[in-house]
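This report concerns only the one structure given below.
The values are calculated or read from the model by the stated rules, or taken from the named source; none is laboratory data. Fair warning: this is a prediction, and the values are worked out from it, not measured in the lab. Heads up, the Cβs are rebuilt from the backbone with ideal geometry, glycines too, and the neighbour counts pull from every protein chain shown. Accessible surface areas use protein heavy atoms only, side chains included; no ligands, DNA or RNA. Shrake-Rupley method; radii C 1.70, N 1.55, O 1.52, S 1.80 Å.
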Amino acid sequence: KNAKDVSVDEEKNDETQMKLSRGNKLKSKIELKENGFYDEYEIKKSKDAILEFYKEQGFGDASVDYIVEDIANQNKVNITFLIFEGKRLKLKDITISGNNAIKTKTILKALGIKRKKVFKEDIYKEGFKNIKYLYREEGFLDADIKEISRELDEKRENLSLIIEIIEGERYKIGDIKLFGNEHFSTDELTKLMKIHTDEIFKQTFFEESLFRLQNFYAEHGYIRASINPEILYKEKIVDINFYITENNIVYIDKIYVEGNEITKEYVIRRQFVIKEKAIFDINKVRRTQEKIFNLGFFRDVQIETDSSNQETIDLIYKVEEQPTGLATVGGGYSSQDGIIGTLQFTKRNLFGRGQTLNLIWEFGKTRENYQISFNDPYIFQSNIAFGIDIFKIKRDRDYIYKNDIGISKTDVYRERHEGGALKFGRNIFENTNINMTYGFDRVEITDVDTDPSEKHKPLVNEANKGIQDTSSLTFAIIRDTRDNIYYTKRGTYSRFAFKNAGTFLGGDNDFIKINTNGSYFLPLFWEFVLAFNIDLGLVREVGFSKDVPIYEKFYIGGAETVRGYDYRGDIGPEDGGNYKIVYNIEYKFPILKQKMQTILQGVFFFDAGGSWAEREYITFKIGNEANQMKTGVGFGIRFTTPIFPIRLDWGYGLNKEEGKTPSQFYFTIGQTF
């Protein structure tokens, strides 16, 4: 066959496949069952459903009929649906008139249909509602949208539309009155509202005011309160009345937990911020739901209520457990590191008691890592958290530099760590914890290349060579109001940590290290989220030490700080900084959801940061010079697993040195912030 014949056959084959696909979808629209009872009403419903389906797919000329044929001597009938598909309509042109307050471009976007695209009736009709909502946002409460003309071309393939908008009057808000509020003053309730007298009426502000009133009553136990708004029209003015039926306060009688087969009930109950016999507070009920979900042991947490009278209500938290254990085996090869392998076992909710055990073994030419950690958030059923870490780590540190022949990389020194940590914590307020950690780290630095680039000072000075012990105490205070630690849509996270290492604790190094960071999550439309983070750090030698150990300094770059740059060598001093500043902005959006939870998320990000050896070098200027801050942009995806979130990011450094690769990929575990 020649190429033309093949092309025609492929088109026919594609069309056949499309028809088969439509046929399967059509059968799903028909509620009739073979060998079921004959029902004229159900037949007509199926006919209408088929026609609606075709309209949704852009077949504006489609028509549907049916034939009923008796089967002789069987008391049965065959039903045949006769379908005339017609041709798929495309929108050729659309004309909008009468709009003065809102731009045509904005109206077309709200309408949801585009020129030269398939015309879908259901989207078109929904667009009328969107346009009316737009006008209500601008105070045009009488706005009406009418289709004046609908014309098809001779081939009945292209559609032209003419739409007229009658905007009407623009309304301001007049009097706002409340009726029926006996337990709360009018002034107290009015302050909750986003609508105000003499302002242009906005639909979103009106809806938000109604929600705030309802939520306020629910916070104070009046969950059966009803609020009915009334809008009274005058000339360019609307008066708004809220009729409130408070009913009585509702108390919680019993709280039940259902669905937990592995998790001990006390593990769930210790997350409760709502108590039995207390006033039903909707915020505390929701916060309890969030805290249970944030344990990470459950795929879903639902709230149900049961009541036999008007004064009390039973609360039921229904949980759906998910696997909390993970064993991984990984490996790879690179010219620099040779064979790299990882064995890891993680078990959260150990024996259903809420404890976590983590075992890691990494091996390779330039790395070796053994780690064991155990954490119990409520040791011996007390309000004290306890954790223990044991580690043995070997790393060959390298430095990337530019010479006359291009970019080079060399091993600078070998770093071995042996030690562990004991951690204690306590919840002091509902969302606030304090932690105390004693850490011991024996570090040996060997195989030092005193001048790797022949242009830079040695990265490891004499004071850091050999074996040194760091014995330290770290105090941290953490406040966390995030609604979901895996996919945060609102809330804040802040942490302040003060570390003091000293000879008074039996170590060889004296220094202080301060780290503070704060994150803020702002929910936008739908489920889009704008997240901000700032991270500040300071480390200084004290006492008998002349310098801070190189492994305790700040290194900016990589997956956790400023993406698009190497962890070492791209930002700040080559031997680490004593000061750091990092900013992150992320714009997050859901890609895939399962059971109302987002499991795949996309993100665009902007990072900026720097580190400096001395305070006088600190600058907020952005550029390519050594002391200037560096910025990066990029995008990534987040995948939520039962154990931990996984991140895949691509970052592009906007201020990279000439000759260095401007972009990098990162595959990491855990949230950025």
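Look at ARG136 and say whether it is buried (at least 17 other Cβ atoms within 10 Å of the Cβ) and either farther than 30 Å from ILE313 by Cα or in contact with a strand residue (DSSP E or B) (Cβ under 8 Å, 6 or more places away or on another chain) (or both).
Values: buried (at least 17 other Cβ atoms within 10 Å of the Cβ): yes; either farther than 30 Å from ILE313 by Cα or in contact with a strand residue (DSSP E or B) (Cβ under 8 Å, 6 or more places away or on another chain) (or both): yes.
Here the answer is yes, as ARG136 does meet what is asked.
Counting only residues that are within 30 Å of ARG136 (Cα to Cα), give me the strands (runs of 3 or more DSSP E) lying completely in the range 21-118 with at least 1 of them.
Working: elements: 63-71, 76-84, 90-97.
Per the criteria, 90-97.
Just the residues that are modelled with pLDDT under 90 and surrounded by fewer than 20 Cβ atoms within 10 Å (Cβ to Cβ), please, taken from the range 525-550.
Across the range 525-550, the qualifying residues are PHE525, TRP526, GLU527, GLY543, PHE544, SER545, LYS546, ASP547.
Which of the residues spanning the range 36-59 are surrounded by fewer than 17 Cβ atoms within 10 Å (Cβ to Cβ), within 28 Å of ILE113 (Cβ to Cβ) and hydrophobic (A, V, I, L, M, F, W, C)?
Scanning the range 36-59 gives a single hit, ALA49.
Can you name the residue in the range 551-574 that is small (Gly, Ala, Ser) and over 13 Å from GLY651 (Cβ atoms) and is also modelled with the lowest pLDDT among such residues? If you could, list the steps in order and put the result at the bottom.
First, pick out the residues of the range 551-574 that are small (Gly, Ala, Ser): 557-559, 564, 569, 572.
The next check asks that each one be over 13 Å from GLY651 (Cβ atoms); those that pass are 569, 572.
On the way: GLY569: 77, GLY572: 91.
By that ranking, first place goes to GLY569.
Could you tell me whether any residue of the range 530-550 is basic (Lys, Arg) and part of a loop (DSSP other than H, G, I, E, B)?
yes
Which one is surrounded by the most Cβ atoms within 10 Å (Cβ to Cβ), of the residues in the range 85-121 that are under 16 Å from ILE163 (Cβ atoms) and among the acidic types (Asp, Glu)?
Only one residue tops the list, namely GLU121.
Against the definition (surrounded by 14 or more Cβ atoms within 10 Å (Cβ to Cβ), of a type in the set (S, T, N, Q), at pLDDT 95 or above and touching a Leu at 6+ places or on another chain (Cβ under 8 Å)), how does THR640 come out, yes or no?
no
Quick one: what pairs do we get from the range 561-578, first residue touching a residue at least 60 places away in the same chain (Cβ under 8 Å), second buried (at least 21 other Cβ atoms within 10 Å of the Cβ) and in a loop (DSSP other than H, G, I, E, B), C-beta under 6 Å, 6+ apart or different chains?
Every condition considered, the pairs that remain are TYR565/GLY557; ASP566/GLY557; ARG568/TYR555; ASP570/GLY557; GLU574/LEU459; ASP575/LEU459.
Looking for something outside any strand (DSSP E or B) and either modelled with pLDDT of 95 or more or buried (at least 17 other Cβ atoms within 10 Å of the Cβ) (or both) - is there at least one such residue anywhere in the range 382-397?
Narrowing the range 382-397 to residues outside any strand (DSSP E or B): 382-383.
After this cut, where a residue has to be either modelled with pLDDT of 95 or more or buried (at least 17 other Cβ atoms within 10 Å of the Cβ) (or both) as well, the list is none.
Within the range 382-397 (the criterion being outside any strand (DSSP E or B) and either modelled with pLDDT of 95 or more or buried (at least 17 other Cβ atoms within 10 Å of the Cβ) (or both)), the answer is no, since none of the residues qualifies.
Of everything in the range 119-161 that's in a strand (DSSP E or B) and of a type in the set (Lys, Arg), which residue is farthest from ILE50 (Cα to Cα)?
Here is the first cut: in the range 119-161, the ones in a strand (DSSP E or B) are 144-152, 158-161.
Now drop any that are not of a type in the set (Lys, Arg), which leaves 146, 150.
Details: LYS146: 27, ARG150: 23 Å.
Once the filter is applied, the top-ranked residue is LYS146.
Give the residue, chosen from ILE173, ILE195, that is β-branched (Val, Ile, Thr) and assigned to a strand (DSSP E or B). First the steps, then the outcome.
Numbers: ILE195 fails: assigned to a strand (DSSP E or B).
The unique qualifying residue is ILE173.
I'm trying to understand the selection: among the residues of the range 176-192, which are polar (S, T, N, Q) and not in a helix (DSSP H, G or I)?
If we filter the range 176-192 for residues that are polar (S, T, N, Q), which is where we start, we get 181, 185-186, 190.
Scanning the range 176-192 gives ASN181, SER185.
Residue by residue through the range 232-259, note down the ones that are surrounded by 14 or more Cβ atoms within 10 Å (Cβ to Cβ), charged (D, E, K, R) and farther than 18 Å from ALA218 by Cα.
ASP239
Given (1) modelled with pLDDT of 95 or more; (2) surrounded by 17 or more Cβ atoms within 10 Å (Cβ to Cβ), where does LEU159 come up short, assuming only one miss?
So LEU159 meets the others, but not (1).
Inspect the range 240-263 for any residue being of a type in the set (Lys, Arg), within 30 Å of PHE201 (Cα to Cα) and more than 28 Å from the chain's Cα centre (by Cα) and give the result as yes or no. Give the steps one after another, and end with the answer.
Kept after step one, since they are of a type in the set (Lys, Arg), are these residues of the range 240-263: 254.
With the extra rule that they be within 30 Å of PHE201 (Cα to Cα), the set shrinks to none.
Within the range 240-263, none of the residues are of a type in the set (Lys, Arg), within 30 Å of PHE201 (Cα to Cα) and more than 28 Å from the chain's Cα centre (by Cα).
Which of the residues belonging to the range 170-195 are touching a strand residue (DSSP E or B) at 6+ places or on another chain (Cβ under 9 Å) and among the charged types (D, E, K, R)?
Listed by number, the residues that qualify are ARG170, LYS172, ASP175, LYS177, GLU182.
Has the range 291-301 got at least one residue that is among the hydrophobic types (A, V, I, L, M, F, W, C), closer than 16 Å to GLU219 by Cα, touching a residue at least 12 places away in the same chain (Cβ under 8 Å) and surrounded by 14 or more Cβ atoms within 10 Å (Cβ to Cβ)? Spell out the reasoning first.
Of the residues in the range 291-301, the ones among the hydrophobic types (A, V, I, L, M, F, W, C) are 292-293, 295, 297-298, 301.
Checking the rest, the ones that are also closer than 16 Å to GLU219 by Cα come to none.
Scanning the range 291-301 turns up no residue that is among the hydrophobic types (A, V, I, L, M, F, W, C), closer than 16 Å to GLU219 by Cα, touching a residue at least 12 places away in the same chain (Cβ under 8 Å) and surrounded by 14 or more Cβ atoms within 10 Å (Cβ to Cβ).
Return the residues of the range 472-511 that are in a strand (DSSP E or B), open to solvent by 10 Å² or more (accessible area, probe 1.4 Å) and over 17 Å from ASN435 (Cα atoms); say none if nothing qualifies.
Selection gives GLY491, THR492.
Among the residues of the range 162-192 satisfying the criterion of being within 30 Å of GLY58 (Cα to Cα) and among the acidic types (Asp, Glu), which is surrounded by the fewest Cβ atoms within 10 Å (Cβ to Cβ)? Walk me through it before giving the result.
Here is the first cut: in the range 162-192, the ones within 30 Å of GLY58 (Cα to Cα) are 162-167.
Now restrict to residues that are among the acidic types (Asp, Glu): 164, 167.
Details: GLU164: 15, GLU167: 17.
Residue satisfying both the conditions and the ranking: GLU164.
Among what's in the range 603-630 and is open to solvent by less than 50 Å² (accessible area, probe 1.4 Å) and under 30 Å from LEU592 (Cα atoms), pick the residue that is nearest to the chain's Cα centre (by Cα). Lay out the reasoning, then the answer.
Restricting attention to the range 603-630, the residues satisfying the condition of being open to solvent by less than 50 Å² (accessible area, probe 1.4 Å) are 603, 605, 607-613, 619, 623, 628-630.
Then drop every residue that is not under 30 Å from LEU592 (Cα atoms), which leaves 603, 605, 607-608.
Working: VAL603: 8, PHE605: 13, ASP607: 18, ALA608: 21 Å.
Applying the filter and picking the extreme gives VAL603.
Test PHE639 against the stated conditions and say whether it is of a type in the set (Phe, Trp, Tyr) and within 17 Å of PRO590 (Cβ to Cβ). Steps first, please.
Values: of a type in the set (Phe, Trp, Tyr): yes; within 17 Å of PRO590 (Cβ to Cβ): yes.
Yes, satisfied.
So ASP566 ticks every box in (1) in contact with a Leu (Cβ under 9 Å, 6 or more places away or on another chain); (2) surrounded by fewer than 22 Cβ atoms within 10 Å (Cβ to Cβ) but one. Which box is left unticked?
It is condition (1) that ASP566 fails.
Open to solvent by 40 Å² or more (accessible area, probe 1.4 Å), part of a loop (DSSP other than H, G, I, E, B) and more than 18 Å from GLN597 (Cα to Cα): is that true of ILE262 in this structure? Break it down into steps so the answer makes sense when it comes.
Numbers: open to solvent by 40 Å² or more (accessible area, probe 1.4 Å): yes; part of a loop (DSSP other than H, G, I, E, B): yes; more than 18 Å from GLN597 (Cα to Cα): yes.
For ILE262, the condition - open to solvent by 40 Å² or more (accessible area, probe 1.4 Å), part of a loop (DSSP other than H, G, I, E, B) and more than 18 Å from GLN597 (Cα to Cα) - is met.
If you take the residues in the range 277-295 that are over 20 Å from ASN383 (Cα atoms) and not in a helix (DSSP H, G or I), which one is farthest from the chain's Cα centre (by Cα)?
LYS277
Exactly one of these conditions fails for SER149: (1) surrounded by fewer than 16 Cβ atoms within 10 Å (Cβ to Cβ); (2) closer than 24 Å to LYS202 by Cβ; (3) of a type in the set (Gly, Ala, Ser). Give me its number.
(2)
Are any residues in the range 233-281 touching a residue at least 60 places away in the same chain (Cβ under 8 Å) and out of contact with any Phe, Trp or Tyr (no Cβ under 9 Å at 6 or more places or on another chain), and if so, which ones?
GLU235, THR245, ASP253, LYS254, GLU261, VAL273, ASP281 - these are the residues of the range 233-281 that are touching a residue at least 60 places away in the same chain (Cβ under 8 Å) and out of contact with any Phe, Trp or Tyr (no Cβ under 9 Å at 6 or more places or on another chain).
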